[in-house]
Amino acid sequence: MDPTRNPSPVPPAPILLREDRDHVATLTLNRPAARNALSLGLMTALEAALADIRNDANVKAVILAAAGPVFCAGHDLKEIRANPGRQNYEALFAQCSRLMTAIVRLPKPVIARVHGVATAAGCQLVASCDLAVAASDARFATPGVNIGLFCSTPMVALSRAVGRKAAMEMLLTGDLVDAATAKSLGLVNRVVPAGELVAATDALAAQIASKSPYVLALGKEAFYAQAEMSLDQAYAYASQTMTRNMLARDAEEGIDAFIEKRQPVWQGK
């Protein structure tokens, strides 16, 4: 090797990592030096990964995780300030809204694995996931009000995950909320010691992935649809969903397996 030649440049690490294991896809935000801020590139990568997972029959559940000491600090403010103007702002927040909606509309459960802090759009990301497991030292906030920017888009997901009074307090004060408080508000499902976070999240994902993928998709869609309906509309819709579910092959298999005291063999239909 010629010592006078410059070594080949090391390619940058991907900003989003994906690992599939036992029917669970783990997506890891990988911008630790930027506190995993949601840059345009990272949001694009997340959207693409979710689109791939939607059509991947081998994946039954998704874990959303992050590298480094912070889960996600929200939008990339340096990138935003470098690209001012109404058109750029509209495109940015439209893309963010598409990403959060894609998580909700994905026909597979998504679990946030949260450590460090999740603020602004990072908190929105947690609130948009179907479930969340947090390390005991994790903290959450929608602190835009502190820098003259009300967290309006994070508000959409937050107000659907916690009560109105709690959401308004977080939005109006910008204060950090600890993991135990976040659990009491309904923002996260479980709080575990930091050293047990990965194992606890993996166990929850594995439990969910053992269910019928057809039923998971049907149930997730129904949950979010009925939440936007009146009581009468919700019951009418849910009744039709139950009927559709009862006619599915996996419902027949599940009931037969229960009666016969054996493990069901799901067909995903």
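The values are calculated or read from the model by the stated rules, or taken from the named source; none is laboratory data. Every value quoted in this text rests on a predicted model; they were computed, and no experiment measured them. Note that each Cβ is placed from the backbone with ideal geometry, even for glycine, and that neighbours are counted across all protein chains shown. Side chains are part of the model used for accessible areas, which takes the heavy atoms of the whole protein and leaves out ligands, DNA and RNA. Shrake-Rupley method; radii C 1.70, N 1.55, O 1.52, S 1.80 Å.
At a glance:
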{"item": "Amide H contacts under 5 Å for HIS75, placed H, 5+ residues apart", "result": "LEU38, ALA121, GLY122"}
{"item": "The chain, accessible surface, carbon-and-sulfur percent (1.4 angstrom probe)", "result": "57"}
{"item": "Cα-based Kirkwood hydrodynamic radius, the range 91-168, one decimal, Å", "result": "12.9"}
{"item": "16 Å cut-off, amide nitrogen to a point 7 angstrom out along VAL156 Cα→Cβ, residues in the range 59-95", "result": "75, 89-95"}
{"item": "Charge dipole (debye, nearest 20) of the chain; +1 at Cβ of Lys and Arg, -1 at Cβ of Asp and Glu", "result": "280"}
{"item": "Net lengthening on full extension, ALA227/GLN267 (0.36 nm per residue, minus Cα-Cα)", "result": "11.6 nm"}
{"item": "Cα-based Kirkwood hydrodynamic radius, the range 167-246, one decimal, Å", "result": "15.8"}
{"item": "Positive dipole terminus of the chain, leading residue within ALA167, ALA236, LEU247 (C-beta point charges)", "result": "ALA167"}
{"item": "Spherically averaged projected area in nm², based on the convex hull that wraps the Cα atoms of the range 53-194", "result": "9.0"}
{"item": "Gain upon complete extension [GLN207, ARG21; 0.36 nm per residue less C-alpha separation]", "result": "65.6 nm"}
{"item": "Relative contact order, percent, the chain [alpha-carbon distance under 8 Å, six or more residues apart]", "result": "15"}
{"item": "Karplus-derived 3J(HN,Hα), 6.51/-1.76/1.60, for each residue of the range 116-132, Hz, glycine and proline x", "result": "x, 10, 10, 10, 6, 5, x, 5, 4, 4, 5, 5, 6, 5, 5, 9, 8"}
{"item": "Cα-centre dipole for the range 131-269 with unit charges at Cβ (Lys and Arg positive, Asp and Glu negative), debye to 20", "result": "100"}
{"item": "Among PRO69, PRO12, PRO193, residue whose mean-square fluctuation peaks in a GNM of the chain (springs only between Cα atoms under 10 Å)", "result": "PRO12"}
{"item": "Relative contact order %, the range 1-149, counting alpha carbon pairs below 8 Å whose residues are six or more apart", "result": "22"}
{"item": "Over the range 111-193, relative contact order from alpha-carbon pairs under 8 Å, at least 6 apart, %", "result": "36"}
{"item": "For a label point 7 Å along the Cα-to-beta-carbon line of PHE93, residues of the range 44-87 with backbone N under 14 Å", "result": "75, 85-87"}
{"item": "Within the range 164-240, GluC sites (Glu not before Pro) in DSSP loop having at most 16 other beta-carbon neighbours inside 10 Å", "result": "GLU228"}
{"item": "Residue-normalised accessible area of the chain, expressed per residue, 1.4 Å probe, Å²", "result": "55"}
{"item": "Convex hull volume of the range 98-138 per residue (C-alpha atoms, cubic angstrom)", "result": "51"}
{"item": "Over 30 Å [Cα-Cα, the chain], rounded percent", "result": "34"}
{"item": "Within a Gaussian network of the chain (alpha carbon springs, distance under 10 Å), most fluctuating of ALA157, ALA227, ALA135", "result": "ALA227"}
{"item": "10 Å beta-carbon shell around ALA179, net charge (K/R +1, D/E -1)", "result": "+1"}
{"item": "In order through the range 199-210: 3J(HN,Hα) via Karplus (6.51 cos²θ - 1.76 cosθ + 1.60), integer Hz, x for Gly, Pro", "result": "5, 5, 5, 4, 5, 5, 5, 5, 4, 5, 5, 7"}
{"item": "Sequence-distant aspartates and glutamates (8 or more away, or on other chains) whose Cα lies within less than 18 Å of LYS165", "result": "ASP175, ASP178"}
{"item": "Environment charge at VAL59 (Cβ cut-off 13 Å; Lys +1, Arg +1, Asp -1, Glu -1)", "result": "0"}
{"item": "The chain: most fluctuating residue of ALA102, ALA225, ALA206 per GNM, C-alpha cutoff 10 Å", "result": "ALA225"}
